[in-house]
Amino acid sequence: MHEGIHLRILRAAGIALALAFPALSAMAQADYPNKPVRVVVTFPPGGSSDAVMRLLLPRLAEKLGQQFVVDNRPGAGGNIGLTAVAKAPPDGYTLGLGAAGALSANASLYANMPFDPVKDFRPVGLIAAAPFVIVANPALAARSPRELVALARAQPGRLAMAHGGNGTAMHLTSQLLAQMAGLRFNEIAYRGSGPAALDVMGGQAMLGVVDLPASLPHIRAGKLVAIAVTGSRRLPQLPEVPTVAEGDLAGYDSTGWFGIVAPAGTPMQVVTRLNAEFNAALNDETIRTTMRNLGVEPAPSSPEAFEAFIRSETQKWSQVIKNAGIKLE
């Protein structure tokens, strides 16, 4: 008899605890954040994405009353950092800053991915877009997208195109141009955008796909010629430079980007709050001006829009990568 009462007490206690858990969880979410938040940045310190995070996070800390701490974990095209995020507890206290590679292209580039970019994360929001610039050595006989395409068609496989590394967004940008226009470049991979820009200036490669921070000072100094920007719109920093699409390649759009993700299962209430604070910061005019000076365009979005964007980018680049036969170890 006593055993029966004991069991009933245990069962009742278990039911009470089970009923309490959702309420406790809701309270924890309402109280979010009540301790520091770690943001894993998949790039080394000093780059534009790292600089943007260090610009935005103090604003979030001020608004939410807790520290937001940058944890730089570069390597493997972003896979190292985002693996740590995917394995973290889904409580909103570990976030990741991922870019186009790790969140879209890498799924097609790497045979063995340590995470699923769609299933293992809950998108919080897009942060910034970073279109690239196709630059040329001043000695190249091309000054516009149309002239570049005509020149490349006349010299299949001969024009050297520098980019920031195999499988990078800059490499894929070059491949998209080649595939859409029916061109063939002699592609040369460098360890980053800066070295690629320097070799285009030096004439080791006559063309390059590079980011804005690595190219803008040299364009303004006349050491590089900006042939085209790769996004869907002209850049405010280079308003006179046409897009690739303006050169009779309608639909061409290749833009680097990065955004915030949380581990899958992170409560939507937490994600919504984070998204609102990131968007508020991205809409601040002082922050927007600083970001543009860093070579990136603020790109606030909803979690749902960011998720749809990741899916569309994954599909787009998987086809480009398949056509090019690019594989990374």
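Quick rundown of the values:
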read-out: Hits in the stretch 90-108 (condition: of a type outside the set (A, V, I, L, M) and either touching a strand residue (DSSP E or B) at 6+ places or on another chain (Cβ under 7 Å) or under 16 Å from residue 282 (Cβ atoms) (or both)); value: 90, 92, 93, 94, 96, 98
read-out: Breaking point among (1) hydrophobic (A, V, I, L, M, F, W, C); (2) crowded, with 18+ Cβ neighbours inside 10 Å; (3) farther than 30 Å from residue 84 by Cβ; (4) out of contact with any Pro (no Cβ under 6 Å at 6 or more places or on another chain), for residue 210; value: (3)
read-out: Breaking point among (1) farther than 20 Å from residue 244 by Cβ; (2) out of contact with any Gly (no Cβ under 6 Å at 6 or more places or on another chain); (3) outside any helix (DSSP H, G or I); (4) at pLDDT 95 or above, for residue 127; value: (2)
read-out: Residue that is nearest to the chain's Cα centre (by Cα), among those in the stretch 75-95 that are of a type outside the set (S, T, N, Q), modelled with pLDDT of 95 or more and not in a helix (DSSP H, G or I); value: 95
read-out: Residue check, residue 192 under 20 Å from the mean Cα position of the chain (by Cα), surrounded by fewer than 21 Cβ atoms within 10 Å (Cβ to Cβ) and within 30 Å of residue 40 (Cα to Cα); value: yes
read-out: Subset of the stretch 215-244 [touching a strand residue (DSSP E or B) at 6+ places or on another chain (Cβ under 9 Å) and part of a helix (DSSP H, G or I)]; value: 215, 216, 218, 219, 244
read-out: Those residues of the stretch 276-306 which are among the acidic types (Asp, Glu) and crowded, with 17+ Cβ neighbours inside 10 Å, in sequence order; value: 277, 297
read-out: Matching residues in the stretch 203-214 - criterion: being part of a helix (DSSP H, G or I) and free of Cβ contacts under 8 Å to residues at least 60 places away in the same chain; value: 214
read-out: Filter result (surrounded by 15 or more Cβ atoms within 10 Å (Cβ to Cβ) and in a helix (DSSP H, G or I)) within the stretch 55-74; value: 55, 56, 57, 59, 60, 61, 64
read-out: Selected residue (only one of 158, 146 is of a type in the set (D, E, K, R), surrounded by fewer than 24 Cβ atoms within 10 Å (Cβ to Cβ) and either part of a helix (DSSP H, G or I) or under 16 Å from the mean Cα position of the chain (by Cα) (or both)); value: 146
read-out: Matching residues in the stretch 75-100 - criterion: being surrounded by fewer than 24 Cβ atoms within 10 Å (Cβ to Cβ) and in contact (Cβ under 8 Å) with a residue 60 or more places away in the chain; value: 77, 86, 87, 88, 89, 90, 91, 92, 93, 94
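Each row is one residue, and each column tells you yes or no for (1) under 30 Å from residue 87 (Cβ atoms); (2) at pLDDT 95 or above.
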{"residue": "230", "(1), (2)": "no, yes"}
{"residue": "240", "(1), (2)": "no, yes"}
{"residue": "254", "(1), (2)": "no, yes"}
{"residue": "268", "(1), (2)": "yes, yes"}
{"residue": "272", "(1), (2)": "yes, yes"}
{"residue": "292", "(1), (2)": "no, no"}
{"residue": "307", "(1), (2)": "yes, yes"}
{"residue": "320", "(1), (2)": "yes, yes"}
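The values are calculated or read from the model by the stated rules, or taken from the named source; none is laboratory data. These numbers come from a predicted model, not from an experiment. Neighbour counts are summed over all protein chains in view; Cβ atoms, including those assigned to glycine, are modelled from backbone coordinates with ideal geometry.
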